[in-house]
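Below is one structure, written out as structure tokens; comments come after it.
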Amino acid sequence: MTGELILDRLARHVRERPNAPAVVALDGEGGASELSWAELGARVERVAAALHALGVQAGEPVAFQLPNGVEFLVAALATLRVGGICAPLMPIFRERELELMLRQSAARVLFVPERFRGHDHEAMATSLSACLPELEHVLVLGRDPLPGRGTPAKAAVYPPEHLAQLLFTSGTSGEPKGVLHSHGVLMQAAWAHIRHFGLDASDVIYVPSPLAHQTGFLYGMWIALVLGAPQVLQPIWNPTIGLEAMRRFGVSFVQAATPFLADLVACARERRARPEALRTFVATGAAIPRELARTAREVLGGEVGGAWGTTETCLGSAFAPGEPAELAWSTDGRALAGVELRVVDEHGRPLPPGEEGSFEVRTDCLFRGYLNRPEETAAALTADGFYRTGDLARIDQRGYVRITGRIKDIVNRGGEKIPVAEIEELIYRHPAVREVAIVAMPDERLGERACAFVVAEPDAELDLAALREHLDAHRVTKTYWPEHLELVAALPRTASGKVQKYLLREHARALARERSKEGAAR
């Protein structure tokens with residue numbers, strides 16, 4: 001790792017390769033426009049001058065609710081140029097989420113798109129400013145004349161420990177919290193990632209994940225900026241457009257949530273089109289069903305494997321290119337350089353290899369803390385500096401991790417803990433199942449029973465008896481079988497693709513209450 005920060009890398013690319021492509025911006029119709037490093041640098045300077053004219057100070061958050069595109073990159077880099085803190089917000093958020101996050105960040109400046117997915121973001125943000133006195137400026141980036149035009153931005157000089165990012169967690173288990181990261185940590189995480197996967201400036205990085213999520217921000221945008229590699233940005237997910245862009249622009253590296261992988265595989269299989277340049281696809285956010293991983297390698301051609309990380313710790317483990325395919329499919333990889341992983345019991349004592357327990361990680365890429373939540377920051381860390389992830393896991397003798405669920409996802413059926421991740425994996429193999437998630441349903445006698453929420457394949461028929469017959473054929477003990485099946489059109493997910501199991505648990509509790517009332521009526 002060099003001592004350069006991200007703006008040093010940008011300046012280097014502008015100087016050494018001014019006319020090389022920095023960004024390929026896709027549109028919703030399959031078109032694309034390219035931006036060179038020199039053009040990107042010039043746009044960053046113009047927006048930085050505007051932020052300077054608005055009085056943005058070093059250490060001040062600047063919010064932007066922008067889709068994946070050039071404007072997002074410009075807003076982020078211009079914010080860093082004046083010493084501000086990037087506070088990206090998912091473009092799908094509406095008034096409730098925006099008010100919560102803007103109030104927490106106390107941002108004075110908010111960049112929004114003119115329109116996105118048919119919503120008037122400017123009108124929404126302007127109405128919010130009435131109840132958010134701190135929010136002074138709502139700017140439509142790319143349309144509004146910017147203040148400070150022609151006035152150079154004051155160059156901010158800051159050390160690696162200066163804060164660079166305020167990123168709100170994706171809310172899989174409740175209200176999101178603001179996670180703070182420094183320049184140095186983001187650079188260190190990027191370099192560890194680059195070395196682990198053997199990336200260089202000849203790669204082409206594809207970013208289908210939202211840039212307002214750490215997967216897109218750090219493992220898409222940031223690593224491309226560090227490398228000086230072109231990045232292909234897609235504002236609205238469409239697998240057909242994405243696959244064609246991968247083929248057209250020679251995409252070699254992708255990191256995205258498992259649903260993106262599933263969609264690309266289905267599209268490539270249907271079109272019989274392979275992205276020939278693809279070398280690596282890192283699937284994050286949820287375990288990769290083994291059948292999907294096997295099919296993905298056959299259909300897409302590149303290496304496909306799992307990884308694990310959090311907003312708070314950056315990437316902690318990942319499959320390594322060149323290792324046996326089954327390890328890449330069946331595990332969440334092994335620790336990246338500089339990362340320590342362990343599994344502990346309920347008393348915090350380390351467990352031997354192969355035993356399931358609470359998963360903890362210690363890393364040099366740890367977050368600075370939760371914004372304005374010192375007690376929650378302290379509670380997230382052990383006395384010896386490990387981060388309590390909230391995940392359950394097993395680590396084998398070779399150091400490979402298998403995430404088995406969330407601590408809150410445990411189904412305790414009369415004292416017997418159901419291995420949720422393993423049962424989900426087996427159910428996924430049923431030909432009628434497209435997606436599955438298992439959560440606890442309250443039960444008066446046993447405490448909890450397993451409730452399976454399933455998205456069925458189109459025109460497929462599935463009932464609880466068929467699901468049980470499938471598990472019986474795999475010799476699964478009856479105690480582990482789901483005792484309620486709920487067919488749904490889609491699983492609730494965050495914008496980054498993670499299943500929001502807390503919403504499914506709420507649904508399961510409501511179903512249990514309905515069953516209890518029906519029983520009482522009889």
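The values are calculated or read from the model by the stated rules, or taken from the named source; none is laboratory data. Every value quoted in this text rests on a predicted model; they were computed, and no experiment measured them. Counting neighbours? That spans all protein chains shown, and the Cβs are built from the backbone with ideal geometry, glycine included.
Quick rundown of the values:
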| item | result |
| --- | --- |
| Some residue of the range 176-194 being of a type outside the set (A, V, I, L, M) and modelled with pLDDT under 80 | yes |
| Test for residue 388: is it without any contact (Cβ under 8 Å) to a residue 40 or more places away in the chain, assigned by TED's automatic domain parsing to the domain that holds residue 330 and either buried (at least 19 other Cβ atoms within 10 Å of the Cβ) or in contact with a Leu (Cβ under 8 Å, 6 or more places away or on another chain) (or both) | yes |
| Any hit, the range 470-491, residues being in a helix (DSSP H, G or I), within 30 Å of residue 217 (Cα to Cα) and aromatic (Phe, Trp, Tyr) | no |
| Residues of the range 307-338 classified as in contact (Cβ under 8 Å) with a residue 40 or more places away in the chain, not charged (D, E, K, R) and not in a loop (DSSP other than H, G, I, E, B), total | 13 |
| Failed item, numbered, when residue 414 is tested on (1) small (Gly, Ala, Ser); (2) loosely packed, with under 14 Cβ neighbours inside 10 Å; (3) not assigned by TED's automatic domain parsing to the domain that holds residue 507 | (3) |
| Search result, residues across the range 267-277 that are touching a Lys or Arg at 6+ places or on another chain (Cβ under 9 Å) and outside any helix (DSSP H, G or I) | 273, 274, 275, 276, 277 |
| Residue match in the range 435-449 (condition: more than 22 Å from the chain's Cα centre (by Cα), under 16 Å from residue 467 (Cα atoms) and outside the structural domain of residue 308 (by TED's automatic domain parsing)) | yes |
| Residue in the range 125-136 that is β-branched (Val, Ile, Thr) and modelled with pLDDT of 90 or more present | no |
| Answer from 133, 91, 160, 67 - the residue that is without any contact (Cβ under 8 Å) to a residue 24 or more places away in the chain, in a loop (DSSP other than H, G, I, E, B) and not aliphatic (A, V, I, L, M) | 133 |
| Count - residues of the range 368-411 that are under 28 Å from residue 508 (Cα atoms), part of a strand (DSSP E or B) and among the β-branched types (Val, Ile, Thr) | 4 |
| Residue under evaluation residue 20, criteria (1) surrounded by fewer than 24 Cβ atoms within 10 Å (Cβ to Cβ); (2) under 30 Å from residue 177 (Cβ atoms); (3) of a type in the set (Gly, Ala, Ser), criterion not met | (2) |
| Counted residues, the range 225-241 - those being touching a Phe, Trp or Tyr at 6+ places or on another chain (Cβ under 9 Å) and without any contact (Cβ under 8 Å) to a residue 40 or more places away in the chain | 3 |
| Selected residue (criterion: modelled with the lowest pLDDT) from residues of the range 316-335 that are buried (at least 24 other Cβ atoms within 10 Å of the Cβ) and over 18 Å from residue 391 (Cα atoms) | 328 |
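Okay, residues lined up against (1) surrounded by fewer than 24 Cβ atoms within 10 Å (Cβ to Cβ); (2) in a helix (DSSP H, G or I); (3) at pLDDT 95 or above:
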| position | (1), (2), (3) |
| --- | --- |
| 246 | no, yes, yes |
| 255 | no, no, yes |
| 262 | yes, yes, no |
| 288 | no, no, no |
| 291 | yes, yes, no |
| 297 | yes, yes, no |
| 305 | no, no, no |
